[in-house]
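This report refers to the structure that appears directly beneath it.
The values are calculated or read from the model by the stated rules, or taken from the named source; none is laboratory data. Computed from a predicted structure; not experimentally measured. Virtual Cβ from ideal backbone geometry, glycine too; neighbours counted across all protein chains shown. Side chains are part of the model used for accessible areas, which takes the heavy atoms of the whole protein and leaves out ligands, DNA and RNA. Shrake-Rupley method; radii C 1.70, N 1.55, O 1.52, S 1.80 Å.
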Amino acid sequence: MKMLLNGQWVDREEKIEVTDPYDNSVIDTVPSASLDDVETALASAVKGFETTRRMTVYDRAQILYKTAEIISDRLDEFAITIAREGSKTIREARKEASRCVNTITCSAEESKRILGETIPWDSFPGGEKRRGYYYRFPIGVVLAITPFNDPLNLVAHKLGPAIAAGNSVILKPASVTPLSAIKLVEAMLEAGLPENAIQVITGIGSKIGDPLVSDERVRMISFTGGVEAGKHIASKAGIKKIGMELGSDSPVIVWKDADLALAVESCVSGSFWAAGQNCIGVQRLLIHRDIYDEFKTHFVELTNKYKIGDKMKEETDMGPMITEAEAKRVESWVNEAVSKGAKVLTGGTRTGALYAPTVLEHVPPDAAVHCEEVFGPTVNLYPVDDLDKAIAEANSLPYGLLAAIFTSNVDVAFKAAYELDCGGVMINDSTDYRLDSMPFGGVKYSGLGREGLKFSLQEMTEPKVVCFNLPNM
Ligand code: NAD
């Protein structure tokens, strides 16, 4: 596939191969952008903004509705692209494609609710003869940088609201999974998006990242990815708005009065969805000691039923990690935990990029699988006796995206909701539950700002005050 610069789909001699991590076959290639391409993207995005800022809400919404319709009509095609270039099974990929339709549709709807307010100028002496309001205007060129693990819907979470707001966008998709993103942009152009409104630049983040991120023509960076890249980007960005959706090590508390079957089913799915490469994937399960053994038995039983392998087969529950190198990293982290006393209850094996769903207990606090984001198909079980201590343990790491608790006691649920230090608390769901329109984001190293269409629109627009001085009134 090609990249989109200044309204043209262009190729380059230097290319990046996009491979299927299941069998390493090359699916396609994309151009590896040069620094000249970065300049073209920036200059064209500035021109594009002159068009998008003048588009009516009606036109922006119609383009987004039409985009959603195109994706919906070609759902299978999108799902196959997601499944082939990334880690997701075909069933997981279909869900992502249908969520993308919702994300783009909600962006269209939210474009009609970019509201302002009148201002009570007479609330301070001297303002009696003044009348006015504020409205929200588009921020300008938005640089969207996206990760590999949801190669379509996380791109939609940036392009949808950016277009809805009237911004122009430069998209830099993950270099391992650029194809779904390019197909989304093709759909947007087919739906009538003006050519310069969007640029897609494919390339290696470490090569083209700094000149994009640090350029003053970019008014907002909307980044989703890992903490290390996030810190680097923040250090280079200069004075511009930054939205950061980063990693986590999501904790889930299972209290003694929980619906055990529900907790086991949700947490197994939440641990191994997308082979655990999921920013809200369950990593730490804090289970009340009274039910620990029963929970553990059922959790391991259900994990053992998982079919892993070929992503394109309907019956497959979990596919490979994004690369063999990533699977080897997870393997080495599990081995490190075992060498420090952890016990593997099931899994712990690797074949190429396929790492078996792995359940661990007795994980020491200094093991990487405890204190770092694993971003792989492993989960740790810990017995807990006391709610305060469970919450303190959940809060003990430098992340805070989503947390969860299973309980039938409303007091326990309320306490957890207030005390867990994170961007959202799921009650009787694992952390792996997200509605695309809810405010989504984290505290501490999990991020800055919020996505979720209405909330992204707030981030991607700025208030402008208009004040009329009316001395003759
Ligand atoms: P990554 O940080 O390696 O890469 C993310 C994107 O940043 C890619 O497009 C990459 O090319 C680009 N990039 C890397 N270095 C850059 C630089 N110096 N300048 C500009 N761009 C640069 O992350 P990944 O491995 O693709 O994704 C996994 C990470 O993303 C995990 O940590 C996961 O938790 C996080 N994530 C967070 C959310 C969320 O919403 N909070 C959602 C999905 C993934």
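Of all residues in segment 28-55, those satisfying the criterion of being outside any helix (DSSP H, G or I) and open to solvent by less than 70 Å² (accessible area, probe 1.4 Å) are 28, 29, 30, 31, 32, 33, 34, 55. Contact map, segment 311-324: residues that are within 19 Å of residue 265 (Cα to Cα) paired with residues that are among the aromatic types (Phe, Trp, Tyr) and open to solvent by less than 40 Å² (accessible area, probe 1.4 Å), Cβ distance under 6 Å, separation 6+ or inter-chain. Pairs shown: 318/272.
Looking at segment 101-116, is at least one residue assigned to a loop (DSSP other than H, G, I, E, B), more than 30 Å from residue 269 (Cβ to Cβ), aliphatic (A, V, I, L, M) and open to solvent by 40 Å² or more (accessible area, probe 1.4 Å)?
Yes - at least one qualifying residue is present in segment 101-116.
The set of residues from segment 232-286 being outside the structural domain of residue 91 (by TED's automatic domain parsing) and among the basic types (Lys, Arg) comprises 256, 284. Sort out which residues of segment 211-226 are surrounded by fewer than 17 Cβ atoms within 10 Å (Cβ to Cβ) and either over 21 Å from residue 36 (Cβ atoms) or within 11 Å of the ligand (Cβ to nearest atom) (or both), and write them in order of number. Residues satisfying the conditions are 211, 214, 226. Of the residues 421, 436, 366, the single one that is open to solvent by less than 10 Å² (accessible area, probe 1.4 Å), part of a loop (DSSP other than H, G, I, E, B), of a type in the set (D, E, K, R) and more than 23 Å from residue 299 (Cβ to Cβ) is 436. Every condition in (1) closer than 30 Å to residue 141 by Cα; (2) touching a helix residue (DSSP H, G or I) at 6+ places or on another chain (Cβ under 8 Å); (3) surrounded by fewer than 20 Cβ atoms within 10 Å (Cβ to Cβ) is met by residue 443 except one, and the failing one is (2). Out of curiosity, is residue 229 within 12 Å of the ligand (Cβ to nearest atom), touching a residue at least 24 places away in the same chain (Cβ under 8 Å), surrounded by fewer than 23 Cβ atoms within 10 Å (Cβ to Cβ) and not assigned by TED's automatic domain parsing to the domain that holds residue 357? Yes; evaluated as a whole, the condition is true for this residue. Can you name every residue in segment 11-25 that is at negative phi and open to solvent by 80 Å² or more (accessible area, probe 1.4 Å)? The answer is 12, 13, 14, 15, 17, 22, 23.
For residue 206, the conditions (1) open to solvent by 40 Å² or more (accessible area, probe 1.4 Å); (2) hydroxyl-bearing (Ser, Thr, Tyr); (3) more than 16 Å from the ligand (Cβ to nearest atom) all hold with the exception of (3). When segment 387-412 is filtered for residues that are of a type in the set (Gly, Ala, Ser) and open to solvent by less than 10 Å² (accessible area, probe 1.4 Å), the ones remaining, listed by number, are 390, 394, 400, 403, 404.
Kindly indicate the residue of segment 439-471 that is outside any helix (DSSP H, G or I) and of a type in the set (Asp, Glu) and also farthest from the ligand (Cβ to nearest atom) among those meeting that condition.
Among those residues, the one meeting the criterion is 462.
I need the full set of residues from segment 337-367 which are in contact (Cβ under 8 Å) with a residue 24 or more places away in the chain, of a type outside the set (Val, Ile, Thr) and closer than 26 Å to residue 396 by Cα, in order please. Residues satisfying the conditions are 337, 340, 342, 345, 357, 360, 361, 364, 366, 367.
So, of the residues in segment 374-394 that are in a loop (DSSP other than H, G, I, E, B) and in contact (Cβ under 8 Å) with a residue 40 or more places away in the chain, which turns out to be farthest from residue 278 (Cα to Cα)? This residue is 385.
Taking the criterion of being open to solvent by less than 10 Å² (accessible area, probe 1.4 Å), among the β-branched types (Val, Ile, Thr) and away from the ligand (no atom under 11 Å from the Cβ), the residues of segment 119-169 that qualify are 141, 142, 163, 169. For segment 388-406, a tally of residues being closer than 18 Å to residue 292 by Cβ and in contact with a His (Cβ under 9 Å, 6 or more places away or on another chain) returns 1. For residue 65, the conditions (1) surrounded by 21 or more Cβ atoms within 10 Å (Cβ to Cβ); (2) of a type outside the set (Val, Ile, Thr); (3) in a helix (DSSP H, G or I) are fulfilled apart from (1).
None of 433, 418 is within 22 Å of the chain's Cα centre (by Cα) and not basic (Lys, Arg) except 433. When you look at residue 197, is it more than 16 Å from the ligand (Cβ to nearest atom), in contact with a strand residue (DSSP E or B) (Cβ under 7 Å, 6 or more places away or on another chain) and open to solvent by less than 20 Å² (accessible area, probe 1.4 Å), yes or no? The answer is yes for residue 197.
Would you confirm whether any residue within segment 268-286 is in contact (Cβ under 8 Å) with a residue 24 or more places away in the chain and more than 25 Å from the chain's Cα centre (by Cα)? The answer is no; no qualifying residue exists.
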